[in-house]
Amino acid sequence: MTICSRCIYDEKIKGISFDSNGVCNYCIQTDELNKIYQPGTPEAEKKLFEIFAKIKKDGIGKKYDCIIGLSGGTDSSYLLCKAVEWGLRPLGVHYDNTWNTAISTENIRKITKYADIDLWTYVIDNKEADDIFRAFFFACVPEFDASTDIGFSQVLRDACAKFKVKYVLEGHSYQAEGLTPQASNYFDGKYIADIHKTFGKKPMKTYPNMTFKKFLKSILFHRVQFIRPLWYLDYSKEAAQSWLEKNTGWLYYGGHHLENRASGFVHSVYHPHKFNMDNRNWSLAAAVRSGKMTRQEALDIYSVPRQPDVEIIRYLKKRLEITDEEYDKVMINGIKRSWKDFKTYKKRFELWRPFFYIMAKYNRVTMSFYLKYCFPMPPNNEANL
Ligand SMILES: [Zn+2]
């Protein structure tokens, strides 16, 4: 098996290629981003503060000048506190899929109290949330938790329209999380609707699905822009965590994506045990690239298989009313489907590629949306299926 000579990505990673020195395309991509953003340099800081000046100017006379989505996790919590320090006036927005852990609910409360900002939460009907998760489980596709990402994105765009705010600050950091391997998964609003229609039982009434029409309206009419301030900073997740713990009483929840039980199930059980996907490699590879860990240390951690979290499995079965037999049928040698087996907007996004290129240039959609959604997937997309 070929492993990148710099990070720990191997040939099983979808969309991977290696240069003549054995360095993978994801490492090269990170180098390119470092060249463009130069995180932590005075130049980067200057650029970031120019963006903030524009946000402040556009926010004059409004109650809030930007919106920050809060999950209770490290990056968004840290970003919110920093934004207030930078003199911005954010509104915190949370999409509650009703699967939050108690720690993350408490974290959101502590952070908003510390930063003294308002919080706007959209809560989906819990029976409806469960029906969508159940549908995705029986659809046997890797994107079990897609409804949370899509719902959260739509709620952020809805909040921008409601409070007449033009900027969303995102707590994403390519240095800390790594770039998600291209084509490791795919989802959009049509995909969610089709899976729910096929495997769901209850009508979709309170779920904020993102249709193509709503997406376009937000891009063209509300002109929402997405900014990722952490890309300009020399950001360290560990330093952010200790800062949060010391200053706000925020608590670490034990791992990336584990602040919510649905994403916890995906990362600790569903992906590793049904799809042979171990997503720890994103942040491990990122830690090696940024010099926080040696390649050997990361490989040692990665080579120890993840133990299934029995508590989270019990919780899932009980909440989704899945019997032991049904669970085993899906998880042990069960059928595996992909997004290609369902209706999606993928072809339409590809067709509209020139439009989305311009929109990405103006931050109306993220550059990662443009690169991932508007081009055909790499041929080895189904390598793990
Ligand atoms: Zn690499």
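Read-outs: derived from the displayed coordinates by stated rules, not from any lab. Just so we're clear, the structure is a prediction, and the values are computed from it rather than from any experiment. Cβ placement follows ideal geometry from the backbone for every residue including glycine, while neighbour counts extend to all protein chains displayed.
Brief remarks on what is shown
- Long-range HN-HN contacts of Ile3 with modeled amide H, under 5 Å: none
- Residue among Lys361, Lys372, Lys14 with the largest mean-square fluctuation in a Gaussian network model of the chain, springs linking Cα atoms under 10 Å: Lys361
- Taken one residue at a time, the phi angles of the range 12-29 give Karplus couplings (6.51, -1.76, 1.60, θ = phi - 60°) of 6, 5, 5, x, 8, 8, 10, 8, 5, 8, x, 8, 7, 5, 6, 5, 4, 4 Hz. Gly and Pro are set to x.
- A DSSP coil position with no more than 13 other Cβ atoms inside 10 Å describes the following GluC sites (Glu not before Pro) in the range 291-365: Glu321.
- Magnitude of the charge dipole, the range 283-332, Cβ model with Lys/Arg +1 and Asp/Glu -1, debye to 20: 340
- Anisotropy class of the range 171-266 from Cα gyration tensor, a/c 1.5 cut: prolate
- Distant-in-sequence amide H partners of Asp96 (H built 1.01 Å from N, under 5 Å): Tyr122, Val123, Ile124
- For the residues Ile192, Ile60, Ile117, a GNM of the chain with alpha-carbon springs under 10 Å puts the largest fluctuation on Ile60.
- Among the trypsin sites (Lys or Arg not before Pro) in the range 62-114, those located in a DSSP loop and surrounded by at most 11 other Cβ atoms within 10 Å of their own Cβ are Lys63.
- The chymotrypsin sites (Phe, Trp or Tyr not before Pro) found in the range 248-313 include none that occupy coil by DSSP while having at most 10 further C-beta atoms within 10 Å.
- Relative contact order [Cα under 8 Å, 6+ residues apart], the range 1-141, whole percent: 15
- Which of Cys24, Cys374 has the fewest Cβ neighbours within 10 Å, and the rest in rising order: Cys374, Cys24
- HN-Hα J in Hz across the range 309-314 - Karplus 6.51, -1.76, 1.60, θ = phi - 60°, x for Gly and Pro: 7, 5, 5, 6, 5, 4
- Net charge over other residues, Cβ less than 14 angstrom from the Cβ of Asp130 (K, R count +1; D, E count -1): +3
- Estimated FRET transfer efficiency when R0 is 45 angstrom, pair Glu45-Arg337 (beta carbons, to 0.05): 0.45
- Prolate/oblate/rounded call for the range 226-385, Cα gyration tensor, a/c under 1.5 rounded: oblate
- Chain lengthening between Asp31 and Glu245 when straightened (0.36 nm per residue, less Cα-Cα): 73.9 nm
- Most fluctuating residue given options Ala239, Ala159, Ala176, as computed from a GNM of the chain linking Cα atoms under 10 Å: Ala239
- The HN-Hα couplings worked out from phi for the range 274-286 by the Karplus form 6.51 cos²θ - 1.76 cosθ + 1.60 (θ = phi - 60°) are 9, 10, 6, 10, 10, 6, 4, 5, 4, 6, 5, 4, 5 Hz, whole numbers, x standing for Gly and Pro.
- When both bridge partners sit in the chain, DSSP labels roughly 20% of those beta bridges antiparallel.
- Using a cutoff of 8 angstrom between alpha carbon atoms and counting only pairs six or more residues apart, the relative contact order for the range 282-385 works out to 17 percent.
- Prolate/oblate/rounded call for the chain, Cα gyration tensor, a/c under 1.5 rounded: rounded
- Extension gain (nm, one decimal) between Lys164 and Ser368, 0.36 nm per residue minus Cα-Cα: 70.9 nm
- Rounded to the nearest 20 debye, the dipole magnitude of the range 106-262 is 720 debye, with +1 charges on Lys and Arg beta carbons, -1 on Asp and Glu beta carbons, and the Cα centre as origin.
- Per-peptide average of other Cβ atoms within 10 Å, ordering 284-296, 36-48 highest first: 284-296, 36-48
- The chain - mean residue ellipticity at 222 nm from DSSP helices (-39,500 (n - 2.57) per run, n ≥ 4, rounded to 500): -14500 deg cm²/dmol
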